[in-house]
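Comments concern the structure below.
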Amino acid sequence: MTDPRTFDPRDPACKSPYGAVPSGTAVHLTVRPLRAWGFSHVTLSARFEGQDNRTVRLELAWSGLDLERDCYSGTLDVGDYVGLIWYTFHMEGLDGRWAELGEYQLTVYDDREQVPTWFGEGVTYQIFPDRFRRLRIPDPKGMIGGRTVHTGWYEEPVYLPDEHGEVRNRDFFGGSLNGVRDKLGYLKGLGVDTIYFCPIFEAPENHRYGTGDYEKIDPMLGTNEDFRQLCDEAHALGMHIMLDGVFNHTGFVSRYFNGDGSYDTGVPGAAQSPDSPYRKWYNFIHWPDQYDSWWGIYSLPAVNESEPAYVDYMIRDENSIVRRWLKAGADGWRLDVADELPDTFVHALHEAVRETKPDGVVIGEVWEDGSNKIAYGVRRKHILGGHCDGLMNYPFRNSLIEFLLGKDARFFQEAMEGLRANYPPFAYYSAMNALGTHDTARILTLLGVGSPCLEYTKSWRADYRMTPEQLARGMELLRLGALVLYTFPGSPTVYYGDEAGMEGFEDPFNRRPYPWGRENGDLIRWFTRMGQLRHRYAALRKGAITYEKADGHVLAYRRTWEKETVLVAVNTGDQAVTLDLPWPARDVLSGEVLPAPGTRALTAQLPPRTGRVLIPITRFQG
């Protein structure tokens, strides 16, 4: 049974403090059953999951009346525990009748470490390196992987299987690190604070998620020195660099596995010799042709993240992969498939990052609520402290897209308040919020077309371009989506080209080259303005959030930091709506003063598919 009038864990009258709590906290709980129900005893049962489900039972004391409701209160001391507590309430009457409330989740985290705030407060820009910017057409001769290079920047990526039935991802466009350096001024003008790179280390495929050599920048992207120079120039502009850490698997074509013998280093790969120093990195079912791989993909052999030699190479050694690239200029790591890395590995990596660069951050790829995620039968410790500082916020993306496409705003509020209640504040405010990534269809296409169109063939999706009507609708909704993205807690993350109006369904159509010279200027100006707003108002970067309205097509919330307050309101519907205002305001987007002079009602109109960013004014302001 759940009854928010009897107990609501998000109501301060029922539970204090709000949400997740640090270890050592005493949590005050109050249950308020109707007096007419006749319950005279209320017992709290708290199950400490991380301590073999040790259960604490506490009799709640009658603490008074709240109108027609009895109040029963008690305090749960979580002690030095870190993990999830699941709690229920058992209510019983003198006549033997009983009812239960729950289970409810209480996240208890380790707060001994101060998490850097630069990532969550800043604007992030995700770059798929091969497709962002090239300065010349590279020659693939001598590079691993049997690569081909598109001579035309606007050619279509290869998506059909080859003669062996495989999509090998060996077609490149030649984007480079120096190409990114060439556009640092553009990114700075867009308001970018952090550049997040998809993998940049040597690898045979264009996505580079099957690493060939972690010690070397892929030669088509540039050199190790090019990376250092890029970091230096980005830092000089006040920007940070985040790398993609792919530590769950390597490439079949790699110096470590060397399945095709491409690497001639003098040290045999795991598939070349049972005596290879890399042999224990992998789990062979039958050496050398049967082995564990990521999701059964033979070109991505999985590693044993608990193998000491692997951990030393990646994390522990003084010049480990994690440490050396931080020393070279990187400021943090995004962990690919974080759910598939052992907690001990992530914790050790986190410690290495902080030791090497105290303000370095670790962000994990998790697609669900990361506070209670179970992966491979294990409850993960992603955001309990000392592991990930934040997570990719796919729940935000999914809920926001549903709202933009017509779902009631209350579902967005419910989903986001669920995260806020479950996540430690450091993780909530360090979330990587995005509308699109390299793993999702282009956001403009989703909003304009309304679906990923998986019922059609891949060739159909490759050729499809939106109609003018779809494009216009997508543009309107994307502006609203960007408005929410940039004004919500967590780092607004823009997938390269989304701000320029790029279209496309799934991979590889979401990974087309950036349309230099063909950008949608209006959309770029809108994203630039959103970045300016976030930098101008501290409340949008780090303020508390409270919801003013979440009903139908209208979503309105307030961000507050110290004495600064910003009210954000959007209307995704086809009809204008009237929004009640808490105070006279100025819309910083339009410059309007609201309510309009001569109007008595303290309201504002929200035209169809528009948004407002409102700040309070006094009557003495112009």
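Things to note:
- Residue within region 106-127 that is open to solvent by less than 30 Å² (accessible area, probe 1.4 Å) and part of a helix (DSSP H, G or I) present: yes
- Selection from region 1-30 of residues that are of a type in the set (A, V, I, L, M) and assigned to a loop (DSSP other than H, G, I, E, B): Met1, Ala13, Ala20
- Test: residue in region 51-59 that is open to solvent by less than 10 Å² (accessible area, probe 1.4 Å), under 36 Å from the mean Cα position of the chain (by Cα) and of a type in the set (A, V, I, L, M, F, W, C): no
- Subset of region 284-312 (residues that are crowded, with 19+ Cβ neighbours inside 10 Å and free of Cβ contacts under 8 Å to residues at least 40 places away in the same chain): Tyr291, Tyr310, Val311
- Residues in region 345-368 that are touching a helix residue (DSSP H, G or I) at 6+ places or on another chain (Cβ under 9 Å) and either open to solvent by 30 Å² or more (accessible area, probe 1.4 Å) or among the small types (Gly, Ala, Ser) (or both): Ala348, Glu351, Ala352, Glu355, Thr356, Lys357, Asp359, Gly360, Gly364, Trp367, Glu368.
- Of the residues making up region 264-277, just one is among the hydroxyl-bearing types (Ser, Thr, Tyr) and open to solvent by 30 Å² or more (accessible area, probe 1.4 Å), namely Thr265.
- Some residue of region 171-179 being open to solvent by 40 Å² or more (accessible area, probe 1.4 Å), assigned to a helix (DSSP H, G or I), at pLDDT 95 or above and farther than 26 Å from Ser430 by Cα: yes
- Across region 432-459, the qualifying residues are those that are of a type in the set (A, V, I, L, M) and in contact with a Ser or Thr (Cβ under 7 Å, 6 or more places away or on another chain), and the one among them that is surrounded by the most Cβ atoms within 10 Å (Cβ to Cβ) is Met432.
- Qualifying residue in region 374-382 (condition: open to solvent by less than 40 Å² (accessible area, probe 1.4 Å), out of contact with any Cys (no Cβ under 9 Å at 6 or more places or on another chain) and either free of Cβ contacts under 8 Å to residues at least 60 places away in the same chain or not in a strand (DSSP E or B) (or both)): yes
- The number of residues in region 589-598 being buried (at least 16 other Cβ atoms within 10 Å of the Cβ) and part of a loop (DSSP other than H, G, I, E, B) comes to 2.
- Residue that is open to solvent by 10 Å² or more (accessible area, probe 1.4 Å), under 24 Å from the mean Cα position of the chain (by Cα) and either at positive phi or among the aliphatic types (A, V, I, L, M) (or both), where the choices are Ala544, Ala539, Ala576: Ala544
- The one condition from (1) open to solvent by less than 10 Å² (accessible area, probe 1.4 Å); (2) of a type in the set (Gly, Ala, Ser); (3) under 24 Å from Val554 (Cα atoms) that Ala462 does not meet is (3).
- Any hit, region 33-46, residues being of a type in the set (S, T, N, Q) and either surrounded by 16 or more Cβ atoms within 10 Å (Cβ to Cβ) or touching a Lys or Arg at 6+ places or on another chain (Cβ under 9 Å) (or both): yes
- None of Asp336, Asp275, Asp289 is of a type in the set (D, E, K, R) and under 20 Å from the mean Cα position of the chain (by Cα) except Asp336.
- Residue list for region 149-168, filter: open to solvent by less than 80 Å² (accessible area, probe 1.4 Å) and closer than 30 Å to Glu519 by Cα: Val149, His150, Gly152, Trp153, Glu155, Glu156, Pro157, Val158, Tyr159, Val167
- The residues of region 221-248 include none that are more than 27 Å from Tyr310 (Cα to Cα), open to solvent by less than 10 Å² (accessible area, probe 1.4 Å) and more than 25 Å from the chain's Cα centre (by Cα).
- Scanning region 469-485 for residues that are of a type in the set (Gly, Ala, Ser) and open to solvent by less than 10 Å² (accessible area, probe 1.4 Å) returns Gly474, Gly481, Ala482.
- Any hit, region 60-76, residues being in contact (Cβ under 8 Å) with a residue 40 or more places away in the chain, closer than 30 Å to Lys188 by Cα and open to solvent by less than 40 Å² (accessible area, probe 1.4 Å): no
- For region 396-418, residues that are out of contact with any helix residue (DSSP H, G or I) (no Cβ under 6 Å at 6 or more places or on another chain), of a type outside the set (Lys, Arg) and open to solvent by 10 Å² or more (accessible area, probe 1.4 Å) total 11.
- Residue within region 475-489 that is in contact (Cβ under 8 Å) with a residue 40 or more places away in the chain, over 22 Å from the mean Cα position of the chain (by Cα) and in a helix (DSSP H, G or I) present: yes
- Residues satisfying the stated conditions in region 318-344, i.e. without any contact (Cβ under 8 Å) to a residue 40 or more places away in the chain, in a helix (DSSP H, G or I), over 16 Å from Ser306 (Cβ atoms) and open to solvent by 10 Å² or more (accessible area, probe 1.4 Å): Arg323, Lys327
- Residue within region 269-278 that is in contact with a Ser or Thr (Cβ under 7 Å, 6 or more places away or on another chain) and of a type outside the set (S, T, N, Q) present: yes
The values are calculated or read from the model by the stated rules, or taken from the named source; none is laboratory data. As the structure is a computational prediction, the values presented were derived from the model and not from experiment. Ideal geometry is used to build each Cβ from the backbone, glycine not excepted, and the neighbour counts take in all protein chains shown. Side chains are part of the model used for accessible areas, which takes the heavy atoms of the whole protein and leaves out ligands, DNA and RNA. Shrake-Rupley method; radii C 1.70, N 1.55, O 1.52, S 1.80 Å.
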